[in-house]
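Inspection log for the structure reproduced underneath, given as structure tokens.
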Amino acid sequence: MDGIVTEVAVGVKRGSDELLSGSVLSSPNSNMSGMVVTANGNDSKKFKGEDKMDGAPSRVLHIRKLPGEVTETEVIALGLPFGKVTNILMLKGKNQAFLELATEEAAITMVNYYSAVTPHLRNQPIYIQYSNHKELKTDNTLNQRAQVVLQAVTAVQTANTPLSGTTVSESAVTPAQSPVLRIIIDNMYYPVTLDVLHQIFSKFGAVLKIITFTKNNQFQALLQYGDPVNAQQAKLALDGQNIYNACCTLRIDFSKLVNLNVKYNNDKSRDYTRPDLPSGDGQPALDPAIAAAFAKETSLLGLPVAAVPGALSPLAIPNAAAAAAAAAAGRVGMPGVSAGGNTVLLVSNLNEEMVTPQSLFTLFGVYGDVQRVKILYNKKDSALIQMADGNQSQLAMNHLNGQKMYGKIIRVTLSKHQTVQLPREGLDDQGLTKDFGNSPLHRFKKPGSKNFQNIFPPSATLHLSNIPPSVAEEDLRTLFANTGGTVKAFKFFQRDHKMALLQMATVEEAIQALIDLHNYNLGENHHLRVSFSKSTI
């Protein structure tokens, strides 16, 4: 795999790349072990002698190309499945980190594993190689946050260390915790299935049972491990992480229950220790082929399930397992694994007098980055819309099927087409096909964009932003009334007059106003941004 180094070739700049401001690195040369290394480059000469160490295994690993916003917990989690992590040093400015494991064997296992499976953090490939340094000493004042995280992890690991052949009792994890976790999914814009949860949480130990349910309009789950220590490790590593880019955030705490009673094995609940349970309620039981696909994925390279490390936030789930999870649920929520391979939507019952590729681009663009739109030449009340991925097509279909656009209730289904074809060069198709691939108006191009957190079903209340100071409430009321609807209410945000809520009389009027006025030029180089709001005024 590119960039994964098992036997590291001699690097020209290797020694100086590893110089960390304000840290103390203990090297094999005893006279250097107490030397403070600074990042001004002058001291790097003293380290040149170490270049011959390249390629030699070390329990200190050098991790490069980290995404900017990555956390210590995510880096530590890379090493957890291979053994105890004893130190960490983050170089935020250089997008690098050093991770020290308790033993050289653990480090070798980790490097070998990641030479076969490219590690990802937040959807970006990262690179792991042996460091020149045999030990990592860090100045606690400079590295405080990392040390706090590490101590929390160490507390968990210490509780799980076998002492003379026996495991420390559960009470050593203070306070004694339940093996059952309660999981709440926030910002759930893509479906999360029981199998996806199993795939993620299995990385920290054997998952025995899962029950999923909806409470207070939130998707929740109870998940039981064989050992409370595994539950604690999973909570530590996963709480607050996103399953997918900028959404589906895991909120995890310990349940008061210590044992789950599962009656049925279906897509809502599962007892992995009892494959004989009925599926109940007419739910399909887990397809044996899918079960086999999971077993195959999780035993990658012969590692036990718990040793398949997770790239966290978003939690990378191997594609075959993802596809299996999706198949089990009958729908998909995986970046890169499109819904049944389907990114193209068929929209029918359109008002053919009014509809244009641009109006469809604007409306469907609320739920994903529309790549191409084709209004059908022989059936102008229907159109094909190609989204950037299967999640987005699923999202648009869920939110827009059955909504009213230009006076007609539109139908949105997945198309059998894989792509939308552009017309042959020189052929005039009367502007019915449009390529929006390079549009500057895509809302979801930037990973982590706030737009991911503001995806709501069509509603009568619109959220307006990017309003210049010179534009008053009256101007906006008039503007929106001109789209043919009635403005029922208006409110500027108290702290920020660049934003406002505006309520139309009906959802259909709000849809019309969004199509007409999203990206409307308000002057002073301010283009109005319009989206649906979950609030009411």
Hits in region 99-130 (condition: in a strand (DSSP E or B) and under 18 Å from A237 (Cα atoms)): L99, E100, L101, H120, L121
Criterion violated by V258 - all others in (1) in contact with a Ser or Thr (Cβ under 9 Å, 6 or more places away or on another chain); (2) aliphatic (A, V, I, L, M); (3) within 23 Å of P67 (Cβ to Cβ) satisfied: (3)
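Working carefully through the options L260, L250, L236, find the one that is out of contact with any Cys (no Cβ under 8 Å at 6 or more places or on another chain), modelled with pLDDT of 85 or more and assigned to a strand (DSSP E or B). If you could, list the steps in order and put the result at the bottom.
Numbers: L260 fails: assigned to a strand (DSSP E or B); L236 fails: assigned to a strand (DSSP E or B).
Unique residue meeting the criteria: L250.
Considering only region 261-273, I want to know if a residue exists there that is within 23 Å of the chain's Cα centre (by Cα) and open to solvent by less than 40 Å² (accessible area, probe 1.4 Å). It would help to see each step written out before you state the result.
Of all residues in region 261-273, those within 23 Å of the chain's Cα centre (by Cα) come to 267-268.
Of the ones still in play, those that are also open to solvent by less than 40 Å² (accessible area, probe 1.4 Å) are none.
No, the conditions are met nowhere in region 261-273.
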Residues within region 107-156 that are open to solvent by 10 Å² or more (accessible area, probe 1.4 Å), among the hydrophobic types (A, V, I, L, M, F, W, C) and modelled with pLDDT of 80 or more, tallied: 1
Q218 farther than 24 Å from P457 by Cα, touching a residue at least 24 places away in the same chain (Cβ under 8 Å) and either of a type in the set (D, E, K, R) or open to solvent by 10 Å² or more (accessible area, probe 1.4 Å) (or both): no
Scan of region 74-89 for residues that are open to solvent by 20 Å² or more (accessible area, probe 1.4 Å) and in contact with a Phe, Trp or Tyr (Cβ under 9 Å, 6 or more places away or on another chain), ordered by number: L80, P81, F82
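Somewhere in region 249-259, is a residue buried (at least 17 other Cβ atoms within 10 Å of the Cβ) and over 28 Å from V148 (Cβ atoms)? Full working, then the answer.
Within region 249-259, the first condition is being buried (at least 17 other Cβ atoms within 10 Å of the Cβ), and the residues that meet it are 249-250, 252, 254-255.
Filter once more, so that each one left must be over 28 Å from V148 (Cβ atoms): none.
No - not one qualifying residue is present in region 249-259.
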Every pair of residues 6+ apart whose Cβ atoms lie under 6 Å, when the first sits in region 343-367 and is open to solvent by 10 Å² or more (accessible area, probe 1.4 Å) and assigned to a loop (DSSP other than H, G, I, E, B) while the second is at pLDDT 95 or above and aromatic (F, W, Y): N351/Y406; M354/Y406
Hits in region 207-239 (condition: under 24 Å from V75 (Cα atoms) and in contact with a strand residue (DSSP E or B) (Cβ under 7 Å, 6 or more places away or on another chain)): V207, Y225, A231, A234, K235, L238, D239
Filtered residues of region 47-73 (kept if surrounded by 16 or more Cβ atoms within 10 Å (Cβ to Cβ), in a helix (DSSP H, G or I) and at pLDDT below 80): F47, E50, M53, T73
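Would you mention how many residues in region 213-233 are among the charged types (D, E, K, R) and assigned to a strand (DSSP E or B)? Let's see the steps before the verdict.
Looking only at region 213-233, we keep the residues that are among the charged types (D, E, K, R), and these are 215, 227.
Imposing the further condition that a residue be assigned to a strand (DSSP E or B) reduces the set to 215.
Qualifying residue count, region 213-233: 1.
Name the strands (runs of 3 or more DSSP E) wholly within region 430-537 that hold at least 2 residues that are open to solvent by 30 Å² or more (accessible area, probe 1.4 Å) and without any contact (Cβ under 8 Å) to a residue 60 or more places away in the chain? Give the derivation first.
Working: elements: 433-435, 461-465, 487-492, 500-504, 529-532.
Correct list: 487-492.
For (1) under 16 Å from the mean Cα position of the chain (by Cα); (2) over 17 Å from G365 (Cβ atoms); (3) small (G, A, S); (4) modelled with pLDDT of 85 or more, each residue gets a yes or a no:
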position	(1), (2), (3), (4)
R443	no, no, no, yes
K450	yes, no, no, no
S470	no, yes, yes, yes
D475	no, yes, no, yes
A481	no, yes, yes, yes
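Is it the case that A102 is open to solvent by less than 10 Å² (accessible area, probe 1.4 Å) and free of Cβ contacts under 8 Å to residues at least 60 places away in the same chain? Please lay out each step first, then the result.
Numbers: open to solvent by less than 10 Å² (accessible area, probe 1.4 Å): no; free of Cβ contacts under 8 Å to residues at least 60 places away in the same chain: yes.
Criteria not met by A102.
The values are calculated or read from the model by the stated rules, or taken from the named source; none is laboratory data. Being a predicted model, the structure only gives us computed values, none of them experimental. Counting neighbours? That spans all protein chains shown, and the Cβs are built from the backbone with ideal geometry, glycine included. Please note that ligands, DNA and RNA were not included when accessible areas were found on the heavy atoms of the full protein model with its side chains. Shrake-Rupley method; radii C 1.70, N 1.55, O 1.52, S 1.80 Å.
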